[in-house]
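Student: Below you will find the structure I want to go over with you.
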């Protein structure tokens, strides 16, 4: 008999961690949402994990700020894209202004209007990358209780997608 035996010293705040919340479309089951920024070929540049009930528009600027510099021509590498294509969930006048200040042209359709013509031909690249990411079962169905482990698997999935693009040039 050992007094005060082992056990977990640090517990999560909720059952599945901080980055889970009631899903508004799935009978309020707890879940997470993957947010991702890709280049024009579908290679993931930055990804984050949030609770399912967090609005998408809150993750726009953190994702843009998380894009790493890409080496290319001589001189200082460009950190930010020239333009940003997003769906209606990311529409906000304040975010359009902040993207404009950063030198990024926002191409986001307005809410409560019809789609802008031709925008779906560009945005499907992100949906394709998300489907590549969700081919990994651990990301499609969340089994981990800890957020950092699930986020690590998401980053590993992004790394594997980049590796496949380099190896086979399927992007």
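Student: Please work out whether region 87-140 counts as rounded, prolate or oblate from its C-alpha gyration tensor, where a ≥ b ≥ c are the square roots of the eigenvalues and a/c under 1.5 means rounded, while otherwise a/b larger than b/c means prolate and anything else oblate?
Tutor: prolate
Student: Binning every alpha carbon pair distance of region 32-126 at 10 Å from zero, what are the percents per bin?
Tutor: Reading the bins upward from 0: 14, 47, 33, 5, 0.
Student: What fraction of the DSSP beta bridges in region 32-171 is antiparallel, stated in percent and rounded to the nearest 5?
Tutor: 70 percent
Student: Using a Förster distance of 30 angstrom, determine the FRET efficiency expected from the C-beta separation of residue 78 and residue 168, and round it to 0.05.
Tutor: Efficiency, rounded to the nearest 0.05: 0.65.
Student: What full-extension length gain, to one decimal in nm, is calculated for residue 57 and residue 159 as 0.36 nm per residue of separation minus the Cα-Cα distance?
Tutor: Full extension of this stretch gives 34.2 nm more.
Laboratory data are not the source of any read-out in this text; all were calculated from the coordinates shown. Please read these numbers as outputs of a predicted model, since none were measured by experiment. Here Cβ is always computed from backbone atoms with ideal geometry, including for glycine, and neighbour counts include all displayed protein chains.
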